[in-house]
1. Among residues belonging to the range 43-63 that are in a helix (DSSP H, G or I) and more than 17 Å from the chain's Cα centre (by Cα), point out the one that is surrounded by the fewest Cβ atoms within 10 Å (Cβ to Cβ).
2. Spot the failing condition for residue 5; the list is (1) over 23 Å from residue 58 (Cβ atoms); (2) in contact with a strand residue (DSSP E or B) (Cβ under 7 Å, 6 or more places away or on another chain), and only one is missed.
3. On the given criteria, is residue 36 over 30 Å from residue 86 (Cβ atoms) and touching a helix residue (DSSP H, G or I) at 6+ places or on another chain (Cβ under 8 Å)?
4. Any residue in the range 15-41 that's without any contact (Cβ under 8 Å) to a residue 12 or more places away in the chain: show its pairings with residues that are surrounded by 12 or more Cβ atoms within 10 Å (Cβ to Cβ) and not in a loop (DSSP other than H, G, I, E, B) at Cβ separation under 7 Å, as long as the two are six or more apart or on different chains.
5. Of all residues being touching a helix residue (DSSP H, G or I) at 6+ places or on another chain (Cβ under 7 Å) and in a strand (DSSP E or B) in the range 19-33, which is surrounded by the fewest Cβ atoms within 10 Å (Cβ to Cβ)? Just the residue, please.
6. Exactly one condition in (1) surrounded by 11 or more Cβ atoms within 10 Å (Cβ to Cβ); (2) not assigned by TED's automatic domain parsing to the domain that holds residue 87 is false for residue 66; which is it?
């Protein structure tokens with residue numbers, strides 16, 4: 001069940017507590033946005049397809065690229081090619097290389 005809490009001027013926090021699911025919280029500028037998000041998350045939980053986005057929402061682009069390089073590149077047939085490609089993408093996106 002979703003709980004909506006007014007957090008000062010123009011902020012609404014949603015807490016979703018469901019047995020068997022991790023606590024989900026998020027803050028929005030409008031109550032309508034908070035209600036829409038809560039409906040979406042609760043619907044996913046009801047259908048059994050919910051996947052927490054917490055880690056993804058807190059990750060920087062640099063962290064995502066570094067994780068890709070560490071966890072996925074070694075699995076491919078041509079890791080050197082993928083390493084080169086990930087370096088190029090990172091340089092174009094951030095303006096710096098990854099050593």
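1. 47
2. (1)
3. Judged against the criteria, residue 36 is not a match.
4. 23/15
5. Going through the qualifying residues, I end up with 26.
6. With (1) surrounded by 11 or more Cβ atoms within 10 Å (Cβ to Cβ); (2) not assigned by TED's automatic domain parsing to the domain that holds residue 87 applied to residue 66, the lone miss is (2).
The values are calculated or read from the model by the stated rules, or taken from the named source; none is laboratory data. These numbers were taken from a predicted model, which means no experiment stands behind them. Heads up, the Cβs are rebuilt from the backbone with ideal geometry, glycines too, and the neighbour counts pull from every protein chain shown.
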